[in-house]
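Participant: Got a structure for you, written out below as structure tokens; questions coming shortly.
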Amino acid sequence: MYAVIDIGSNTIRLVIYKIENGSYTVLLNKKEMAALASYVNDNMMSAAGIDKACHILLIFKKIAGDLNIEEIHAFATAALRNISNSEYAVKEIEDRTGLKINVISGKTEATLDFIGAARTVSLTSGLLIDIGGASTELVAYEEMKIKQAISLPIGSLSAYRKYVMHFFPNKDEQKKIRGKVLQLLDKQESQSFAPDYPDICGVGGTIRSTKDVYNSLFGLSLQNRNMRAEYINGIIKPFLSKKSKTHIDRRTLDTLLDIVPDRIRTILPGMIILETLITRFNAKSILISRAGVREGYLTKMILKEFDDIEV
């Protein structure tokens, strides 16, 4: 058995896997909403943010220990990658928890997203999108081969903190989020990205939560993992601030609290990022993968599979 801890900008998650006959089974999946990106000020992780991370990691370490799991693999993404005091914060967390933290690059995160998703869905040709708390990963692929993998330094929580002044984003704030996504994309984009990607593979908590809202509003089964891209803008609009910057309709708030209570602040900024990308790439459909960066980390970094893909 292997314990994998994913230290993200929005959540910290512990997943315990059992490996048999070349496939894995999830024995335990536990997450805590750490919101580490909200502890970043002037591009530095605060002492309170480090305390928060250590508190959760020590709980997860004890759970793994109680299950007699010797191999605990912890990795961090944008939460600890994109801060100026990254080296100090990581060393402090390692010293206080006794865990070794592997801070992976944005390109590595995108590549591991692809590897993880490839274990659960058929990735022939298209674009993979993973919207995290402080970064968004994009992977263009053809015939199961990565053509381009990039990471944009904007995510659902960082967009909320930087652009949303009250609770839900108003029209001007929506425009700023969309503009920033396109600006970052244009800065990093290369010829490896095609102008159109009809088929999108969605990975990560933001897109899975968007799927939950989509299924609820359209009365679909909870197991449905397909979304029509043209409807994403339509499911965003009812939740956006209109007449007043501070007014939140009770029914609107209750709907989100019922469906995605732990992402009440970040789901709309995340959906705006998603809608911006699917519009930019003229997407038609979105297939949500159950697996992503954690399964990619297990497969590539621990089990040493997918030797033909560099990270």
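Participant: Quick one: L220 ticks every box in (1) of a type in the set (A, V, I, L, M, F, W, C); (2) open to solvent by 10 Å² or more (accessible area, probe 1.4 Å); (3) in contact (Cβ under 8 Å) with a residue 40 or more places away in the chain except a single one, so which number is it?
Facilitator: With (1) of a type in the set (A, V, I, L, M, F, W, C); (2) open to solvent by 10 Å² or more (accessible area, probe 1.4 Å); (3) in contact (Cβ under 8 Å) with a residue 40 or more places away in the chain applied to L220, the lone miss is (3).
Participant: Among the numbered conditions (1) touching a residue at least 24 places away in the same chain (Cβ under 8 Å); (2) within 25 Å of T252 (Cβ to Cβ); (3) open to solvent by 70 Å² or more (accessible area, probe 1.4 Å), tell me where R208 comes up short.
Facilitator: Every condition holds for R208 apart from (3).
Participant: Also: Criterion first (outside any helix (DSSP H, G or I), more than 30 Å from I177 (Cα to Cα) and charged (D, E, K, R)) does E94 satisfy it?
Facilitator: Working: outside any helix (DSSP H, G or I): no; more than 30 Å from I177 (Cα to Cα): yes; charged (D, E, K, R): yes.
Spelling it out, it is not the case that E94 is outside any helix (DSSP H, G or I), more than 30 Å from I177 (Cα to Cα) and charged (D, E, K, R).
Participant: Of everything in the stretch 199-216, what is touching a Leu at 6+ places or on another chain (Cβ under 9 Å) and not in a strand (DSSP E or B)? Give them in sequence order. Quick ask: steps written out before the conclusion?
Facilitator: Pass one, the stretch 199-216, residues touching a Leu at 6+ places or on another chain (Cβ under 9 Å): 199-203, 206-207, 210, 212-216.
Hits for the stretch 199-216 are T206, I207, T210, D212, V213, Y214, N215, S216.
Participant: Now a separate question. Restricting attention to the stretch 124-166, which residues are of a type in the set (A, V, I, L, M, F, W, C) and part of a loop (DSSP other than H, G, I, E, B)? Break it down into steps so the answer makes sense when it comes.
Facilitator: Just the residues of the stretch 124-166 that are of a type in the set (A, V, I, L, M, F, W, C), to begin with: 127-129, 131, 134, 138-140, 144, 146, 149-150, 152, 154, 157, 159, 164-165.
Hits for the stretch 124-166 are A134, M144, I154, V164, M165.
Participant: Let me ask you something else. Which ones in the stretch 170-205 are among the acidic types (D, E) and open to solvent by less than 20 Å² (accessible area, probe 1.4 Å)?
Facilitator: To start, the set of residues in the stretch 170-205 that are among the acidic types (D, E) comprises 172-173, 186, 189, 196, 199.
Hit for the stretch 170-205 is E173, nothing else.
Participant: Which of the residues spanning the stretch 105-123 are open to solvent by 10 Å² or more (accessible area, probe 1.4 Å), touching a residue at least 60 places away in the same chain (Cβ under 8 Å), not charged (D, E, K, R) and not in a helix (DSSP H, G or I)?
Facilitator: Across the stretch 105-123, the qualifying residues are T120, V121.
Participant: Still on this model: If I go through the stretch 1-57 residue by residue, how many of them are more than 19 Å from V260 (Cα to Cα) and assigned to a strand (DSSP E or B)?
Facilitator: Count: 23.
Participant: Something else now. Would you check if V139 is of a type in the set (V, I, T), under 18 Å from the mean Cα position of the chain (by Cα) and farther than 21 Å from R13 by Cα? Give the derivation first.
Facilitator: Values: of a type in the set (V, I, T): yes; under 18 Å from the mean Cα position of the chain (by Cα): yes; farther than 21 Å from R13 by Cα: yes.
Judged against the criteria, V139 is a match.
Participant: Search the stretch 14-40 for residues that are more than 30 Å from M165 (Cβ to Cβ) and touching a residue at least 24 places away in the same chain (Cβ under 8 Å) and pair each with any residue that is in a helix (DSSP H, G or I) and aromatic (F, W, Y) when their beta-carbon atoms are under 8 Å apart and the residues are at least 6 apart or on different chains.
Facilitator: Close Cβ pairs satisfying both conditions: L14/F60; K30/F60.
Participant: Also, I was wondering about something else. Looking at the structure I just gave you, is I232 in contact (Cβ under 8 Å) with a residue 60 or more places away in the chain and open to solvent by less than 40 Å² (accessible area, probe 1.4 Å)?
Facilitator: On the way: in contact (Cβ under 8 Å) with a residue 60 or more places away in the chain: no; open to solvent by less than 40 Å² (accessible area, probe 1.4 Å): yes.
Judged against the criteria, I232 is not a match.
Participant: Could you say which residue among I83, I50, I5, I63 is closer than 16 Å to G296 by Cα and in contact (Cβ under 8 Å) with a residue 40 or more places away in the chain?
Facilitator: The match here is I5.
The values are calculated or read from the model by the stated rules, or taken from the named source; none is laboratory data. Keep in mind the model is a prediction, meaning the values are calculated, not measured. Quick reminder, even Gly has a Cβ in these numbers, built from the backbone with ideal geometry, and neighbours come from all protein chains shown. Ligands, DNA and RNA are stripped out before the accessible areas are found, and what is left, the full protein with its side chains, is counted by its heavy atoms. Shrake-Rupley method; radii C 1.70, N 1.55, O 1.52, S 1.80 Å.
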